[in-house]
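Take a look at the structure set out below.
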Amino acid sequence: MKMNFALGLYSYTNKSVDSNTFKKFYILITAIFDSCGITPTYFAALGNGYSGNLTKFGGQQQTKAISTNFSEITTLSIVANPKNSNEPGYDSLVSASLGYIEETGETLLCFAFDEEAIDPQSNKFEQFICALIDLKFWDFGYGASQRETNNPEFHILSLDDGNLSEKENSSLIKWYDSAPKERQTKLRGIYPINILNERQLKLKIDDSNTLENLINSDKNSSLKLIPNSALWLWKIKRSAVNKLRKKLENSESLII
């Protein structure tokens, strides 16, 4: 099994994650797993009194988190592995994590999975996106597949797996160097799933057009407001992602 799709949600405006949000995240993720017929196998928490290491689901670390109402936690992860797998870090079927990085002021939710387990183009996954967005205020997000990057989960987490091309490495460095304000107003890239705020939609891509104009005129794109949110869901047919990326590469809208 290989997690060949990953969704990321980012917040720099609403900093930190409180215990109630971690609790809601835990309840939501276990419900999502259950609705897909997926059994969680590992749990991890980082924070005061927590190691951050993946341990068996239902174990002492998980019991402690539940009994203390998820207090003193800064990162929470739930992982599902295939049957008979003992490699949580290398053989995951689905992985979900939520955490706050104090050094960068970034809250990040990453939901990575094997497309054989969850179809990222399905209405069901769109419902998952809406539910995850409803957890807290997010500035933007995107969903990447292996067509865009060799390791979608690492791409969402802004990590180098040691197999980046020169272009991918350069793009990652530029992302690292970009300030939160720039990330909130531009795009990291073009993906099959893009979750945009109003400022990103109003980006000028040439003298007469905004990104919103381009999306609405593109036959391979769909755009709709996400319920109970100020964010918009821009979905692109996979066969058209590269064409749109090339169209925007020389504009001021991308951080590349």
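Scanning the range 19-39 for residues that are under 19 Å from the mean Cα position of the chain (by Cα) and not in a helix (DSSP H, G or I) turns up just one, 36. Kindly indicate whether any position in the range 2-13 is under 17 Å from residue 127 (Cα atoms) and aromatic (Phe, Trp, Tyr). Taking every residue of the range 2-13 in turn, at least one turns out to be under 17 Å from residue 127 (Cα atoms) and aromatic (Phe, Trp, Tyr). Taking residue 233 as the residue in question, decide whether it is surrounded by 18 or more Cβ atoms within 10 Å (Cβ to Cβ), without any contact (Cβ under 8 Å) to a residue 24 or more places away in the chain and closer than 29 Å to residue 105 by Cβ. No, not satisfied. The requirement of being of a type in the set (Gly, Ala, Ser) and within 24 Å of residue 137 (Cβ to Cβ) is not satisfied by residue 35. Of all residues in the range 203-230, those satisfying the criterion of being without any contact (Cβ under 8 Å) to a residue 40 or more places away in the chain and under 20 Å from residue 11 (Cβ atoms) are 225, 230.
If the condition is being under 18 Å from residue 23 (Cβ atoms) and either assigned to a strand (DSSP E or B) or over 12 Å from the mean Cα position of the chain (by Cα) (or both), then the range 129-140 contributes 131, 134, 135, 136, 137. Can you find a residue that is in a strand (DSSP E or B) and among the aromatic types (Phe, Trp, Tyr) anywhere in the range 228-239? Yes, the range 228-239 has at least one match. With respect to the conditions (1) of a type outside the set (Phe, Trp, Tyr); (2) at negative phi; (3) in contact (Cβ under 8 Å) with a residue 24 or more places away in the chain, residue 166 falls short on a single one, namely (3).
Listed here are the residues, each with its yes/no results for (1) without any contact (Cβ under 8 Å) to a residue 60 or more places away in the chain; (2) buried (at least 19 other Cβ atoms within 10 Å of the Cβ); (3) on the phi > 0 side of the Ramachandran plot.
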| position | (1), (2), (3) |
| --- | --- |
| 11 | no, yes, no |
| 18 | yes, no, no |
| 28 | no, no, no |
| 31 | yes, no, no |
| 67 | yes, no, no |
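Would you confirm, using the coordinates I've provided, whether residue 127 is at pLDDT 95 or above, of a type outside the set (Phe, Trp, Tyr) and under 23 Å from residue 194 (Cα atoms)? Considered against the rule, which asks whether it is at pLDDT 95 or above, of a type outside the set (Phe, Trp, Tyr) and under 23 Å from residue 194 (Cα atoms), residue 127 comes out as yes. Among the residues of the range 99-124, the ones that are within 21 Å of residue 79 (Cα to Cα), hydroxyl-bearing (Ser, Thr, Tyr) and modelled with pLDDT of 95 or more come to 1 in all.
The values are calculated or read from the model by the stated rules, or taken from the named source; none is laboratory data. Values in this document were obtained by computation on a predicted structure and should not be read as measured data. Neighbour counts are summed over all protein chains in view; Cβ atoms, including those assigned to glycine, are modelled from backbone coordinates with ideal geometry.
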